[in-house]
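One structure below.
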Amino acid sequence: MKSTLDQIEDIKNHGYSLDFSTVFNHAFENYKKIALYFGLIILVFSVIFFFGLFSVLFALYGVESMSKDFFENFDSQKQSSVQMLISLLGTSVISGLIAPFSAGFLKMADCADKDEEFNVSTIFTYYKTHHFSQIFTVGFIIAIISGAISTIIGAYFNEMGIIGMSILLNLIISFLTYLAIPLVIFGDLKALDALKSCLIIISKNPLIIFALVIVGFIGSFIGFFGCCIAIIFTLAFNTSMTYATYYGIFNMEEEDPIDTIGQSDLE
């Protein structure tokens, strides 16, 4: 079986085909296997996160200060250049540390697709493997580029149209790096190789991938329109769509070691 880099080189030279309906059906079948478990995990960790966040805020500022005016004043405070740089680096590091957690959901989708057992510990798989540093780097790079764009535009421009452009640019970055994490964890690529390869993949079939991204996004937020809390169970659809898109492009079948016996002697 060709390595991921070899397959990317083929894609660069010859392109690739990707069938929308096949990917969608694959994503939907995968979603049905992980939706409940995914939703319960998101619910539990969301509660833990917000409890921790407000505990820190209460400890730092006191319960009495937690009001609408406090949050408005906190948001409107002007930061110096040094403060903005520290804030940018801090949020980028946090994004890098969260990235392996997000990658764990892709691992869950992979286990479900292969009918392998998965549990809560599956979500933390990539904190314990050699992939961690590369996943962290991908998350850090994407966050620092997106954050720099938002910080620069937010610091020097206040018009709604300019802010809208910042959001649009960040969405474009998210689109262009859509498959970066799967390329690291499934393709075993280094962070920079994954980011460069992602650009090649997107550029060769942008319309189909864009359509899949949009459908994945809409599918993830269907729960919001039915019942707000149901969104935690529909968010899994975007993970399944990302996994199915990667699967539709790359050959992810593992090579049978029995089949490789004697190949070196025949070549």
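The values are calculated or read from the model by the stated rules, or taken from the named source; none is laboratory data. What you see is a predicted model, and the numbers here were worked out from it, not measured in a lab. Note that we place each Cβ from the backbone using ideal geometry, even for glycine, and neighbour counts take in every protein chain shown. The accessibility values were calculated without ligands, DNA or RNA, using every heavy atom of the protein model including side chains. Shrake-Rupley method; radii C 1.70, N 1.55, O 1.52, S 1.80 Å.
Looking at the range 193-205, which of the residues that are touching a helix residue (DSSP H, G or I) at 6+ places or on another chain (Cβ under 8 Å) and not β-branched (V, I, T) is farthest from L106 (Cα to Cα)? Talk me through it step by step, then tell me what you get.
Narrowing the range 193-205 to residues touching a helix residue (DSSP H, G or I) at 6+ places or on another chain (Cβ under 8 Å): 193-195, 197-202, 204.
When the remaining residues are screened for being not β-branched (V, I, T), the result is 193-195, 197-199, 204.
Details: D193: 19, A194: 16, L195: 17, S197: 19, C198: 17, L199: 20, K204: 23 Å.
Among those residues, the one meeting the criterion is K204.
Yes or no: the range 210-233 includes at least one residue that is surrounded by 20 or more Cβ atoms within 10 Å (Cβ to Cβ), modelled with pLDDT under 95 and touching a Gly at 6+ places or on another chain (Cβ under 6 Å).
Yes, some residue in the range 210-233 is surrounded by 20 or more Cβ atoms within 10 Å (Cβ to Cβ), modelled with pLDDT under 95 and touching a Gly at 6+ places or on another chain (Cβ under 6 Å).
With the condition kept exactly as written, say whether any residue in the range 136-146 is small (G, A, S), at pLDDT below 95 and open to solvent by 40 Å² or more (accessible area, probe 1.4 Å).
The answer is no; no qualifying residue exists.
Can you run down the residue pairs with Cβ atoms below 6 Å, 6 or more apart or on separate chains, where the first is in the range 177-200 and of a type in the set (S, T, N, Q) and in a helix (DSSP H, G or I) and the partner is open to solvent by less than 10 Å² (accessible area, probe 1.4 Å) and modelled with pLDDT of 95 or more?
That search, which allows pairs on different chains as well, returns S197/L183.
Can you spot a residue in the range 50-62 that is open to solvent by 40 Å² or more (accessible area, probe 1.4 Å) and at pLDDT 80 or above?
Taking every residue of the range 50-62 in turn, at least one turns out to be open to solvent by 40 Å² or more (accessible area, probe 1.4 Å) and at pLDDT 80 or above.
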